[in-house]
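No lab work stands behind these numbers, since they all come straight from the coordinates. None of the values given here were measured: they were computed from a predicted structure. Positions of Cβ are backbone-derived with ideal geometry, glycine not excepted, and every protein chain shown enters the neighbour counts.
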Amino acid sequence: MVAQLCISLLGNPMILQNDVSLKIKRKKARGLVYFLAAHKNPVSRDELHYIFWPGQDLSAAQHNLNVHLSEIRKQMPHIIISDNSYIQIAQDIKIDVRFFDSCFSKEELEEKTLRKALSLYRGDFLNGFNINDASDFDNWKFAQQEHYKLLFIKGLRVLHKSKIRFFEN
């Protein structure tokens, strides 16, 4: 049986493998998984150095990134795809925000798809998760929270309007 990995970033963040919660010990390692999961495209190592280890010299930041990636790979061997320049989460991982974004990128929102997307919204993006010494991570998180709140509200409005139209006919 192939292990199914799911990452939920809406509400309190969770990483589930076959519906069992996985705990990554280091907070920055969890933050790395969350940050990468929220990005559909590969992220440069330089950006990760800047976001997670601001103010550190390049060699120290590179070392820290490699240590954290190693910790992630020990628990989830196939989650990270990387080369010397870029890192990303494997495309076969189920990630709530990717589905959420894809639903709202369509011209027409089907009610069934919209309801599924809205059901994924369990609260603010990365609710309750902070990294103390990474203010750019917090700034990014805040922007993402606003983005997903706006999409959620848009979805509720569309659903509400479709119900009004249904009862008017």
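Give me D for region 47-169 in µm² s⁻¹, whole number, from Stokes-Einstein with Rh from the Kirkwood sum over alpha-carbon pairs, 4 °C and 1.567 mPa s. The partial results should precede the final answer.
On the way: Rh = 17.3 Å.
Diffusion coefficient, whole number: 75 µm²/s.
Per DSSP H run of at least 4 residues, take -39500 (n - 2.57); add these up for the chain, divide by its residues and hand me the 222 nm value, nearest 500 deg cm²/dmol.
For the chain, the value works out to -17500 deg cm²/dmol.
Multiplying the sequence separation of residue 160 and residue 74 by 0.36 nm and subtracting their Cα-Cα distance, what value in nm do you get?
26.4 nm
Please tell me which of these pairs span more than 28 angstrom C-alpha to C-alpha: 94/161; 74/94; 27/154; 40/154; 23/149; 25/141?
Long pairs (Cα-Cα over 28 Å): 94/161; 27/154.
With no solvent and one point on each alpha carbon, what is the Debye value of log10 I(q)/I(0) for region 1-57 at q = 0.17, 0.29 Å⁻¹?
-0.65, -1.23
When the Kirkwood radius is taken over all Cα pairs of region 38-117, what Stokes-Einstein diffusion coefficient follows at 37 °C and 0.692 mPa s, in µm²/s?
In µm²/s, the coefficient rounds to 223.
Which one, 104, 85, 31, projects farthest toward the positive side of the charge dipole computed for the chain from Cβ point charges (K/R +1, D/E -1)?
104
Quick one: order 68, 39 by neighbouring beta-carbon count within 10 Å, fewest to most.
The order, fewest Cβ neighbours first, is 39, 68.
Using the Cβ atoms and a cut-off under 15 Å, what net charge is assigned to the surroundings of residue 12, where Lys and Arg are +1 and Asp and Glu are -1?
Around residue 12, the charge tally is +3.
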